[in-house]
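One structure is given here, and the rest of the page talks about it.
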Amino acid sequence: MTKAAAARAAELRELLAHHDYRYYVLDDPEVPDAEYDRLMRELRALEAADPTLVTPDSPTQRVAGTASAEFGEVVHSVPMLSLDNAFTEEDVTGFDRRIHERLGVSGELDYVAEPKLDGLAVTVIYREGRLAQAATRGDGVTGEDVTANVRTIRAVPQRLRGKAPPLLEARGEVFMPIAGFERMNAQAAARGEKVFVNPRNAAAGSLRQLDPRITATRPLTAFFYGLGALEGRAMPPGQMELLTLLRELGLPVSPEVRPVRGVPGCLAYYRDLGARRAGLPYQIDGVVYKLESRADQERLGFLSRSPRWAIAHKFPADEALTVVRGIEFQVGRTGALTPVARLEPVFVSGVTVSNVTLHNIDEVRRKDVRVGDTVIVRRAGDVIPEVVKVVIERRPAGTGEVQLPERCPVCDSPVLRVEGEAVARCTGGFTCRAQRQEALRHFASRRALDIEGLGDKLIEQLVEQDVLKSPADIYTLTAAQLEELERMGEKSAQNLIAAIAKSRRTSLPRLLFGLGIREVGEATALALARHFGTLERLMEADAATLEQVPDVGPIVAAHVAAFFESREHRRVIKALRDHGVTWPELKVPPAEPSDPLSGKTFVLTGTLQGLTREAAQEALTARGAKVSGSVSKKTHYVVAGAEPGSKLAKAEALGVPVIDEAQFLKLLGRR
Ligand code: IVH
């Protein structure tokens, strides 16, 4: 190993830990995410070039180890207690009075008020400042060893800052912020997987994964609020000092913790946080009051399994019972049918809920929700309301399982559900009113037929008036017709007619993309156009022939074949031709097979500075490479620009090479 490389690796590890601290503990990041990612990539590259540089506490080692068959057991050195609950102000007054009586004191007592985080309690042991073990609470005496999983959580430092005691056991809560939870659930629903009922379950499910690589992809974070064992220094004299110590050691503490005085201080905090609850980025189910003085805490001791010196003051229940009046299927942009439960309106945590999405038909079956059922509806914070479960005991006689409609509720076209897919779709395409508007918008968009001036508002009016039934109708529009519309003058009508005329001369790839065939994005449209050259040849191809096109698999092939089988689609294509839309035969020299980029799959994430995403995409497809929207094991490169999204995390979890813009340009031969 070269000295310079070793020194740089050490420096990078320190920098990354410093940025984690700024981000998670101080909530005041110093650098944008892209810079953090750049440092991480540099460290990875150094360690890859010389594996002797890897240290166990390197941030690159957060995802280490493989799936295990089960979790080991950890016996807690100090039991992990639970909290007694208060539901009313009288409960809180009673708690405070009992403390006064036991301690034999009068006057207002000092408390620390904290949010009650709705996650999963963990204990994290640091030996000589290094993360050595992490465990769940379990039954309070014995928990599960989740060290490998907790290591993947960036908010939990691998090493403590400053002068760390020889042994420190920090206790806190692992949780999932709401935004991350909703993103994860949307992705799971799209893949037909089980969605989590709430962020708490999602956090628990993610932390209790046997494969830490899966945990690493979950948006978990943590706040700490307590101490277990501590060696080499005295216990802090109060809860506020304890929280300060945790913070100084680099452990994240909620920014909402406050010292308060007496019951009035506690209740004021409760009301304030309750009012701000919906705006917090994570779920809380109440607040916790802890007596400040450690000496007094020790005098009070415990009552069975909860301390006498702390209590959880819970927010009102955010669950309610109601009845399902109907289950309807909504047709979305791509024709996807989403089951929606129409409820007897019910008031849950501050709002009236009358509709709840059931995501997909599999989810309806899993929960077995039926019309007439009494269900538990939950809404917490900003989370979209959910049906938690059916109260089976209250199911009326004669209900039936919900059936996926065979025909679209909007247009009556057949509904198709591809094998293995969770989502069922209306096959009506342009003929379905719900899909038509979006299809027209897509057809006119810049990367498709590029009709300048045909915006959303106009399309909406024209669909509403039944003037536009298919994209071909765009070419029958007259200036006189357009002038009738809202916000349309003579001049803009003429401009639009000119833009429509101009769009008549298009290209086969643009047309194919513009038709909005499922699964056919720009790259696939280009691949199909290159392969077949003319629309006629493409329309004659059966699924097996289609699969010969590079990167066209059975799913895409089935969608393309089904699209052109439809008589309605054929009619639209003929009408486009009849109205003078032309697309010349595409004659392309076969991609240089010697081009190193040929056949490679790229995923772009974040913003590139030097070129637009479209330009990057064009440059890649011109070289025979493919651009995909999602990261998988088959991805060759992920190009990460500024503020990259979750694709970056996924790439890192899957071990897919990540390159930055400079490296990308070099690959393209532009630098
Ligand atoms: S203190 C001896 N503080 O609530 C004190 N717990 O109902 C034990 N929790 O198991 C816990 N936020 O999972 C404490 N600020 C907070 C908390 C908190 C959430 C959870 C924790 C605990 C449960 C008890």
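Kindly identify the range 398-459 as rounded, prolate or oblate by the Cα gyration tensor criterion: order the square roots of the eigenvalues as a ≥ b ≥ c, call it rounded if a/c is under 1.5, otherwise compare a/b with b/c, prolate if a/b is larger, else oblate. Prolate. Between E248 and D110, the C-beta separation translates, for a Förster distance of 22 Å, into a calculated FRET efficiency of about 0.60.
Counting only protein heavy atoms and a probe of 1.4 Å, the accessible surface of the chain is 51% carbon and sulfur. Dividing the C-alpha radius of gyration of the range 33-87 by 2.2 N^0.38 Å, with N its residue count, gives 1.91.
Counting only protein heavy atoms and using a 1.4 Å probe, the accessible area of D272 comes to about 70 Å². Rg ratio for the chain: its Cα radius of gyration over 2.2 N^0.38 Å, N being its residue count, equals 1.15. Taking only Cα atoms, what is the 0 to 90° angle, nearest 10, from helix 262-276's long axis to the longest principal axis of the chain? On a 0 to 90 degree scale, this one is about 10. Stokes-Einstein, applied to the Kirkwood radius of the range 559-671 over Cα pairs at a viscosity of 0.692 mPa s and 37 °C, places its translational diffusion at 200 µm² s⁻¹. Percent of C-alpha pairs per 10 Å bin in the range 235-377, short distances first: 9, 25, 24, 16, 17, 7, 0. Normalised per residue, the accessible area of the range 173-220 is 39 Å², obtained with a 1.4 Å probe and no contribution from ligands, DNA or RNA. I99 exposes around 0 Å² of accessible area when a 1.4 Å probe is run over every protein chain in place.
Rank T478, T2, T55 by accessible area, highest first, at a 1.4 Å probe radius? Walk me through the intermediate numbers first.
On the way: T478 65, T2 85, T55 40 Å².
Largest accessible area first, the residues go T2, T478, T55.
Net charge dipole, the chain: roughly 920 debye, given to the nearest 20, about the Cα centre with Cβ charges of +1 for Lys and Arg and -1 for Asp and Glu. Rolling a 1.4 Å probe across the protein heavy atoms gives the range 95-137 an accessible surface of 42 Å² per residue. Cβ screening of the chain for cysteine pairs under 4.7 Å finds these without a partner: C266.
Legend: residues V75, V92, sorted from most to least accessible area (1.4 Å probe; ligands, DNA and RNA excluded), read V75, V92. The alpha carbons of the range 63-109 stretch over 56, 25, 18 Å along the principal axes, in descending order.
When DSSP beta bridges are limited to those with both residues in the range 520-671, what percentage is antiparallel, rounded to the nearest 5? Counting DSSP beta bridges with both partners in the range 520-671, the antiparallel share is about 10 percent.
In the full protein context, the range 342-431 carries 49 Å² of accessible surface per residue, based on a 1.4 Å probe and ignoring ligands, DNA and RNA. Taking a ≥ b ≥ c as the square roots of the eigenvalues of the Cα gyration tensor, an a/c ratio of 1.5 or more together with a/b no larger than b/c marks the range 540-598 as oblate.
The values are calculated or read from the model by the stated rules, or taken from the named source; none is laboratory data. Quantities reported herein were computed from a predicted structural model and do not represent experimental measurements. Virtual Cβ from ideal backbone geometry, glycine too; neighbours counted across all protein chains shown. Areas reflect the complete protein model, heavy atoms only, side chains present, ligands, DNA and RNA absent. Shrake-Rupley method; radii C 1.70, N 1.55, O 1.52, S 1.80 Å.
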